[in-house]
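Some notes on the structure that comes next.
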C-alpha cells in the first residue's frame, strides 16, 4: 500500500492533484484545504490513504497527520464515503470537527456539501468518543440550554495544552495525543503521554 508520496506537484485540479515521483504521476484526491497549499512545480510530501475497490485503486492525500486521521475516523461512519469525508475536511479544519462533535453541534456538522441533518446527527453521536480522544471535552449545558465547555482537567486536555505551550499547533497536538493514548491506553500518566506525544511529533 502507498502510505506517502514525496515528489513534485505536476498539476492541481478542483478535487485532485498529480504528484510526480521520479517520472511517475500519481493522481491524488484531496480536500480543498490541502489543494490550496499545493504549488505547481513545488516539492511536496503527501501522506496517503490508499483505498482498494473492485474497479480501482484510489489515493487520498493529506499534508497534515490530523487531517488524515480524521479522514480515517469519518469514513468509519455509515454513509460517509471518501468523497463526503473530503467534503467535510474541505469545509472544517480537524480541530473544528472535533469541537463540533464534542459540542454535539449538528448545524456546523451539516455545513459541508453532502452532509444532511441525519448524517450530521450520526456523526455527532457515533464519533463523540473520538472527539474526546482528540483532547476535546464533551460540552455541558446550563439550565437555560447555553452550552459550556466542560472544565479542563483530563489527561488528554492537559497533554494537548502542554504540547501547544511548547510551540506545536493545536491540530498537530490533537492528533499526536490521540494516537499516543490509543497506543498507551487510558491509564497512561500525563508525563508519559506528553513524552510520547513529543516523540510522535518529532517523526
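Each reported figure results from applying straightforward, stated rules to the coordinates on display, with no laboratory input. Just so we're clear, the structure is a prediction, and the values are computed from it rather than from any experiment. In this analysis, Cβ positions are derived from the backbone assuming ideal geometry, glycine residues included, and neighbour counts consider all displayed protein chains.
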task: Measure nothing but the geometry: give the 0 to 90° angle between the long axis through the Cα atoms of 65-74 and the longest principal axis through the Cα atoms of the chain, rounded to 10°.
output: 80
statement: For the pair residue 83 and residue 53, the simple spin-label estimate (label points 7 Å beyond Cα toward Cβ) gives in nm 0.8
message: Using Cα springs under 10 Å in a Gaussian network model of the chain, which residue among 184, 92, 27 shows the largest mean-square fluctuation?
response: 184
Among 44, 24, 84, residue whose mean-square fluctuation peaks in a GNM of the chain (springs only between Cα atoms under 10 Å): 24
task: Could you please state, rounded to a whole Å, how far the C-alpha centre of segment 81-110 is from the C-alpha centre of segment 1-64?
output: 22
- line: Between the modelled labels at residue 3 and residue 107 (7 Å from Cα along Cα→Cβ) the distance in nm is 4.2
message: Among 68-74, 50-56, 196-202, how do they line up by average Cβ neighbours within 10 Å per residue, starting with the highest?
response: 68-74, 196-202, 50-56
task: Pick out which of 176, 17, 192 has the largest mean-square fluctuation in a Gaussian network model of the chain, springs linking Cα atoms closer than 10 Å.
output: 192
- line: Summing -39500 (n - 2.57) over every DSSP H run of at least 4 residues in the chain and dividing by its residue count gives a helix-only mean residue ellipticity at 222 nm, to the nearest 500 deg cm²/dmol, of -13000 deg cm²/dmol
- prompt: Between residue 195 and residue 126, what length in nm is gained on full extension when 0.36 nm per residue of separation is reduced by their alpha carbon distance?
  reply: 21.9 nm
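How much length is gained if the chain between residue 40 and residue 166 is pulled fully straight, taking 0.36 nm per residue apart and subtracting their Cα-Cα distance, in nm to one decimal? Could you put the intermediate results ahead of the total?
Details: separation 126, 0.36 × 126 = 45.36 nm, distance 3.30 nm.
Length gained, residue 40 through residue 166: 42.1 nm.
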